[in-house]
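Worksheet: the structure to be examined is printed underneath.
Computed from the coordinates by the stated procedures, all read-outs in this text should not be read as laboratory data. Just so it is clear, the model here is predicted, and its values are computed rather than measured. Here the Cβ positions follow ideal geometry from the backbone for every residue, glycine too, while neighbour counts run over all protein chains shown.
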Amino acid sequence: MSRSRTIDTPDIEGSSASEPASRKHVLDLDDFSQEEISAVLDSARSMKEVLGRDIKKVPALRGKVVVTLFYEASTRTRISFEEAGKVLSADVINMSSSGSSAEKGESLLNTGLTIQAMGVDTIVIRHPHSGAPYLLAQQLDKVSIINAGDGLHAHPTQALLDLYTVRDKLGSLEGCKIVIVGDVLHSRVARSDIWGFAKMGAKVVLSGPNTLMPPDLIRSNNNIARSAFASLVEVDTNLDRAIEGADVVMALRLQQERQHAGFLPSLREYIRRWQVTDERMARANPGAMVMHPGPMNEGIEISNSIAHGGSSVIEEQVTNGVAIRMALLYKVTIGPAQQL
Ligand code: CP
């Protein structure tokens, strides 16, 4: 259904007659179709228009309550969800495990049941344990769940903002070459990005030390490798070679807190072989963009000049994250736009 835009109401383009049926939870991108991803990106474009107004406020989620439930640190994801909810007029309540009854030993499930009993509509959860958002989605019947990052497993809202950023710049994701470099093994962002980019027809090349490539992917026995998208994902540990012809180079944070197990010969060696630098970007396609999900270790996985140079779209990723999270909060809390 086409809608005329008013001062109060975003024109949610993604909610056309072809938009897939409503969705209750956002857990990962493995159960999103290409059409549904496109609809979310279209919806986010309209949400971004709202963010560009002098008065960033629409009543779309008035009377709805969103809880952000963070058991791990976050800057971007947490603040952008809070901003997204507030721009849409939801009442947003932030809860950290620190200072909550989780510190007294309350289980995740009992915390979720307690929040549900307060009449909350949507819970946005980040948790160090893979699968935590799935537990809440299975056990809570009145609340929508959005995964804001679970363990090493998934970070679907980051992946959607990454897809949005690339599509916004290049017009289409089909046929693009995306190089994801660094600590793929420990990156939930990379796992969701692989699903998203491959589903949209982009080619994904993973690069970094062999020890930081996900062994399940290399051994070709995981569900991505068995999927129809497998031919679009490959590993090349030689970054100088992998980066040739790239349209996008995404550096991942080297998770130094996880490197005590001897994954790297040395930090100096890592920087020499896998840092995204001006010299390496010269091998990519002209106009290739540099991305990073943040937070960055400048001078380690990415050079200072690249992080803040003309090819960087890292701050645009952050801006687009607010729009994507608005689109997702709207989608799971209200549903398709024709219900507005
Ligand atoms: N990209 C990301 O998830 O950043 P935060 O940890 O700051 O939310």
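Can you pull the semi-axes for the chain, root of five times each eigenvalue of the Cα gyration tensor, sorted largest first, whole Å? Could the numbers behind the result be given before it?
On the way: eigenvalues 209, 114, 67 Å².
Calculated on Cα positions only, the semi-axes equal 32, 24, 18 Å.
Taking springs between alpha-carbon atoms closer than 10 angstrom, which of 327, 282, 159 fluctuates most in the Gaussian network model of the chain?
In the Gaussian network model the winner is 282.
Considering only the other residues whose Cβ falls under 10 Å of the Cβ of residue 293, what net charge follows from Lys and Arg at +1 and Asp and Glu at -1?
+1
Using a cut-off of 28 Å between alpha-carbon atoms, which lysines can reach residue 57, once sequence neighbours fewer than 8 places away in the same chain are excluded?
Once the sequence-local lysines are set aside, what remains near residue 57 is 24, 48, 86, 142, 169, 331.
Over what distance in Å are the Cα centres of the stretch 84-151 and the stretch 265-332 separated?
For the stretch 84-151 versus the stretch 265-332, the Cα centre distance is 29 Å.
Can you give the convex hull volume of the alpha carbon atoms of the stretch 157-313 per residue, in Å³?
Details: hull volume 15.9 nm³, N = 157.
Expressed per residue, the convex hull around the Cα atoms of the stretch 157-313 is 101 Å³.
Using the 2.2 N^0.38 Å rule of thumb for compact globular proteins, work out how the stretch 52-130 stacks up: its C-alpha Rg over that value, please. Please list the in-between numbers first.
Working: Rg = 13.6 Å, N = 79, 2.2 N^0.38 = 11.6 Å.
Scaled against compact globular proteins, the figure is 1.18.
Note down the Stokes-Einstein diffusion coefficient of the stretch 42-177 in µm²/s, whole number, using a Kirkwood radius over alpha carbon pairs, 4 °C, and 1.567 mPa s.
On the way: Rh = 16.2 Å.
Answer, rounded: 80 µm²/s.
If the stretch 237-324 were replaced by its equivalent ellipsoid, with semi-axes equal to the square roots of 5 times the Cα gyration tensor eigenvalues, what would those be, largest first, whole Å?
Working: eigenvalues 95, 62, 22 Å².
Rounded to whole Å, the semi-axes are 22, 18, 10.
With both partners inside the chain, how many of the DSSP beta bridges are antiparallel, as a percent to the nearest 5? It would help to have the intermediate numbers written out before the result.
Working: 1 of 36 bridges.
So the antiparallel bridges in the chain amount to around 5 percent.
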